[in-house]
Amino acid sequence: MSENVKIKTEAQAKKIDVKKLAFIALMTAITAVLQVLSGVIQFGPFSITLALTPIVVGAALYGWKAGAWLGLVFGAVTLTNAGLFLAINAPGAIAVCLLKGVLAGAAAGLIYKLLEKKNAYVAVIAAAIVCPLVNTGVFILGCLLFFMEAITAWADGGNAFAFIFVGLIGVNFFVEFGVNLVLSPVVFRIIQIGKKVKV
């Protein structure tokens, strides 16, 4: 009897693993496609990042490791649009692009897990807020560490810090932030459906 229970439990674990892998693979593809499309979709002169939404969904459903993986994919695709930064400091550009994605995804997963038991909806909103904040925050730190000389030249005698916030981040961050907040109810619903499918 105990042997049968053990076999059944192992079979269920494998089934869950297959579902998890399939879901993360789907979110990986969606993240990559949305990030590629981000170069085309623009808000005025600025392109916006839509890929943070599937990162939040994956991180909420399968934890910070899934969020970190999806963030890594997001960061890797971001490298395709980082030509100028790559030309200035390739190792710095690679580190910033990959790290900002990984940390944003991991942070979304951790904050969701921390708040989920208290209020799942608040947990989704918090994860949706934290993800673009960490992504942009790491980008700013990367600019300060690796690209300040170039940014000072681009500012052309103006304030380099102001140039980072207005010239490099600009409206982009606020649109990404707003998109994540607006999509929070949809993300919440997707997560609730995903949890039912996981069982």
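Just for segment 79-96: of the residues that are out of contact with any helix residue (DSSP H, G or I) (no Cβ under 8 Å at 6 or more places or on another chain) and open to solvent by less than 50 Å² (accessible area, probe 1.4 Å), which one is modelled with the highest pLDDT?
90
Select from segment 97-124 the residues that are surrounded by fewer than 23 Cβ atoms within 10 Å (Cβ to Cβ) and touching a residue at least 60 places away in the same chain (Cβ under 8 Å) and list them in ascending order.
120, 121, 123, listed by residue number.
Exactly one of (1) assigned to a helix (DSSP H, G or I); (2) in contact with a Ser or Thr (Cβ under 9 Å, 6 or more places away or on another chain); (3) crowded, with 16+ Cβ neighbours inside 10 Å is unmet by residue 36. Its number?
(3)
Can residue 127 be described as open to solvent by less than 20 Å² (accessible area, probe 1.4 Å), modelled with pLDDT of 90 or more and aliphatic (A, V, I, L, M)?
Judged against the criteria, residue 127 is a match.
How many residues does segment 144-161 contain that are in contact (Cβ under 8 Å) with a residue 40 or more places away in the chain and either crowded, with 17+ Cβ neighbours inside 10 Å or under 13 Å from the mean Cα position of the chain (by Cα) (or both)? Lay out the reasoning, then the answer.
To start, the set of residues in segment 144-161 that are in contact (Cβ under 8 Å) with a residue 40 or more places away in the chain comprises 145-147, 150.
Now narrow it down to the ones that are either crowded, with 17+ Cβ neighbours inside 10 Å or under 13 Å from the mean Cα position of the chain (by Cα) (or both): 146-147.
Within segment 144-161, residues that are in contact (Cβ under 8 Å) with a residue 40 or more places away in the chain and either crowded, with 17+ Cβ neighbours inside 10 Å or under 13 Å from the mean Cα position of the chain (by Cα) (or both) number 2.
Would you confirm whether any residue within segment 1-10 is outside any helix (DSSP H, G or I), over 28 Å from residue 165 (Cβ atoms) and either at pLDDT below 75 or acidic (Asp, Glu) (or both)? Break it down into steps so the answer makes sense when it comes.
The first filter runs over segment 1-10 and keeps only residues outside any helix (DSSP H, G or I), leaving 1.
Now drop any that are not over 28 Å from residue 165 (Cβ atoms), which leaves 1.
If we keep only those that are either at pLDDT below 75 or acidic (Asp, Glu) (or both) too, we end up with 1.
Yes, segment 1-10 contains a residue that is outside any helix (DSSP H, G or I), over 28 Å from residue 165 (Cβ atoms) and either at pLDDT below 75 or acidic (Asp, Glu) (or both).
Among the residues of segment 80-115, count how many are outside any helix (DSSP H, G or I) and of a type in the set (A, V, I, L, M, F, W, C).
Count: 1.
Return the residues of segment 162-181 that are free of Cβ contacts under 8 Å to residues at least 40 places away in the same chain and touching a strand residue (DSSP E or B) at 6+ places or on another chain (Cβ under 8 Å); say none if nothing qualifies.
Answer for segment 162-181, where residues must be free of Cβ contacts under 8 Å to residues at least 40 places away in the same chain and touching a strand residue (DSSP E or B) at 6+ places or on another chain (Cβ under 8 Å): there is none.
The values are calculated or read from the model by the stated rules, or taken from the named source; none is laboratory data. Just so it is clear, the model here is predicted, and its values are computed rather than measured. Please note: Cβ atoms are built from the backbone with ideal geometry, for glycine as well, and neighbour counts cover all protein chains shown. Just the protein is used for accessible areas: all its heavy atoms, side chains included, with ligands, DNA and RNA removed. Shrake-Rupley method; radii C 1.70, N 1.55, O 1.52, S 1.80 Å.
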